[in-house]
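What follows is a single structure, written as structure tokens, with notes after it.
The values are calculated or read from the model by the stated rules, or taken from the named source; none is laboratory data. The structure presented is a predicted model; accordingly, all values stated were derived computationally and were not measured. Cβ: placed from backbone, ideal geometry, glycine included. Neighbour counts: every protein chain shown. Protein only, heavy atoms only, side chains kept; ligands, DNA and RNA dropped before computing areas. Shrake-Rupley method; radii C 1.70, N 1.55, O 1.52, S 1.80 Å.
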Amino acid sequence: MQLCRSFFIVISLLSGLITASDAYAQQLSYPGGQTLVVQNNGSQHSAEFNHSIRYNISVGGVIRYNDNNDDIFIGPQATWLVKRLNGKSSQANFIMSSSIGNLRSNGADNLSGSIQISADYINTKSFIAYASRATFVNDREAQYRQTLRGGIALHRPRDGKLQPFLALQLDRFDGIRDDWQASPFIRMVKGSVVGEIGVNDKGGILANLVILF
């Protein structure tokens, strides 16, 4: 399990250094396109690959690992773009996604599933996003996670240039453990790649990567 944690963090850190306009709806791309999403924040780690069968529907797979209880989840995932609003230099997305699969915990296998709703808004100067996910496991209290994040660009986008954002992420966990977590970070955007690097208020590393291809 320690190897899984190290793999997620190393991939995100290395990728974040080479990044970071169009990769905002993380699980969705153009029809026939793919997305790779690697996320780390303290004890929470995940990697997912998605294939867009239509502009508003994608299917793929996800791996999630939690340091606190040494849990690892593997399963398929489906995502639906409920609504997209395009402005002259902005975009808003309303998305639903769900996954179901096997959770390996304390040497035992359990059926687990999750449902997530999310919304985001991005323009050339700032972004804001909200997500709420409910995770269910056999014989275990449901876990709920809410995430609010936003940031401001240090300068307007320039052709072929890296665009940095100063940003903050707030997480609320309810269920198995009740907790708040704040994570200031820097977002770096270049073309269809987004990289993020920061630290949370408990000293854990935030390192995320999104690639559309």
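Tell me, in nm to one decimal, what length is gained between Ile152 and Asn106 on full extension, where the rule is 0.36 nm per residue of separation less the Cα-Cα distance?
Length gained, Ile152 through Asn106: 12.4 nm.
Quick one: P(r) of the chain from all Cα-Cα pairs, 10 Å bins, percents rounded to integers, in order of increasing distance.
Histogram of Cα-Cα distances, whole percents per bin: 8, 34, 40, 15, 2, 0.
Excluding ligands, DNA and RNA, what is the solvent-accessible area per residue of the range 124-169 at a probe of 1.4 Å, expressed in Å²?
62 Å²
If you line up the Cα atoms of the range 119-213 on their principal axes, what length do they span on each, largest first, in Å?
Cα spread of the range 119-213 along its principal axes, largest to smallest: 52, 29, 19 Å.
State to the nearest 20 debye the size of the charge dipole of the chain about its Cα centre, where the only charges are +1 on K and R beta carbons and -1 on D and E beta carbons.
For the chain, the charge dipole is close to 880 debye.
Work out the FRET efficiency for Ser89 and Ser43 from their Cβ-Cβ distance, taking R0 = 41 Å, and round it to the nearest 0.05.
The calculated FRET efficiency here is 0.65.
Could the peptides 135-142, 203-210, 123-130 be put in order, highest first, of the mean number of other beta-carbon atoms found within 10 Å of their residues?
In decreasing order of mean packing, 135-142, 203-210, 123-130 become 203-210, 123-130, 135-142.
What number comes out for accessible area per residue over the range 77-118 if the probe is 1.4 Å? Units Å², please.
Result: 56 Å² per residue.
Can you give the FRET efficiency for Thr124 and Leu162, using 1/(1 + (r/R0)^6), R0 = 22 Å, r = Cβ-Cβ distance, to the nearest 0.05?
0.95
Looking at Gly160, Leu103, Ala182, which one has the Cα that reaches farthest to the positive end of the dipole of the chain (charges on Cβ: Lys, Arg +1; Asp, Glu -1)?
Gly160
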